[in-house]
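What follows is one structure encoded as structure tokens, with my remarks underneath.
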Amino acid sequence: MTSQLEMAYDHCQRVAREQAKNFYYAFRTLPHLKRRAIYATYAFCRLCDDIADEDAPMEEKRRQFSETRDLLTESLGRKGDQVIDGTLPPEFAALSDATAAFGIPHHYYTEVIEGVEQDLVKTRFENFDELKAYCYQVASVVGLICIEVFGYEDEAARKYAIDMGIAMQLTNILRDIKEDAERDRIYIPQDEMARFGYSEEDLKQGVINEPFRKLMALQVNRARDFYKDSQNLFPLLNPESRACPKVLHAAYRAILDRIHDSGYDVFSQRIGLSKFEKLFITGRLWAGSLIPSVPILRR
């Protein structure tokens, strides 16, 4: 591998190490080539998220998304030495190389951009069907990219990767209710808020009452159902890749459980896991994944 491509992947790893607080430990369980491909995927998704979340005029954000689409098209259209001629930003050089190496469908990246770009204009969701479609674009599609890197042979893996993405995104939504409300983004379905008699003003004021607890219990139980179904993904993956999604699944499920155990108090603190807890989960599941198993076809 050329030094320029190495530098591109090194950049993506730094982004993951500095920004992917819940993901990075899981990424480290992967073999080298798969790990660097996941770093590239994360760096691309992080770039898209940062555009949506930055404090900039709407016109500037739209310009940056347009530029991102152009760079994506250009980078994925290059081959061989064209990828490392120094004209592409490192995220796109690494992404182009990883996409070619693992045969990742190009349209997945476009769907990620479209999903994140929704945050510029869509700040409310009428019902869960709308929210589920959003979760698919910003999280499940990332899962579909990842399983192309992980390796699988049973097409059912796609369904379970989608379920896991939805579960994790729902957990993010519940954890980040306060921060999102401060940006005037409310992801809890409007019809469910109305059903339990909990208003947007209550949410913005951080009111924790019986209607809020019932509303949150519905959200938590829904996410748990998606976590339960998505556990079927792990045995369908290449054995050397299984620890990564297992760690992510366990870590995010633990955050969801902690939200429940706090009495749904997502306003007084940001609920998460300590570094020790993340390392413990990673070590336990990584060690368990090393137990010999029957190999499956690698992609």
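Assorted remarks:
Condition check ((1) more than 19 Å from residue 240 (Cα to Cα); (2) among the small types (Gly, Ala, Ser)) across all residues:
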site	(1), (2)
14	yes, no
19	yes, no
38	no, no
52	yes, yes
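- Within the stretch 73-127, the residues that satisfy the criterion of being of a type in the set (Ser, Thr, Tyr), touching a residue at least 12 places away in the same chain (Cβ under 8 Å) and farther than 28 Å from residue 180 by Cβ are 75, 96, 99.
- Members of the stretch 225-245 that are of a type outside the set (Asp, Glu) and open to solvent by 60 Å² or more (accessible area, probe 1.4 Å): 228, 231, 232, 235
- For the stretch 256-272, the criterion of being assigned to a helix (DSSP H, G or I), open to solvent by 40 Å² or more (accessible area, probe 1.4 Å) and farther than 21 Å from residue 22 by Cα is met by none of the residues.
- Meets criteria (crowded, with 21+ Cβ neighbours inside 10 Å, outside any helix (DSSP H, G or I) and β-branched (Val, Ile, Thr)) for residue 188: yes
- Of all residues in the stretch 127-175 being under 23 Å from residue 272 (Cα atoms) and among the polar types (S, T, N, Q), the one that is surrounded by the fewest Cβ atoms within 10 Å (Cβ to Cβ): 172
- Of all residues in the stretch 114-125, those being crowded, with 21+ Cβ neighbours inside 10 Å, farther than 14 Å from residue 139 by Cβ and either touching a Lys or Arg at 6+ places or on another chain (Cβ under 7 Å) or not hydrophobic (A, V, I, L, M, F, W, C) (or both) number 1.
The values are calculated or read from the model by the stated rules, or taken from the named source; none is laboratory data. Nothing here was measured: the structure is a model prediction, and the numbers come from that model. Because the Cβ atoms are built from the backbone with ideal geometry, glycine has one as well, and the counts that use them run over all protein chains shown. Each accessible area value is taken on the protein alone, full model and side chains, heavy atoms only, with ligands, DNA and RNA left out. Shrake-Rupley method; radii C 1.70, N 1.55, O 1.52, S 1.80 Å.
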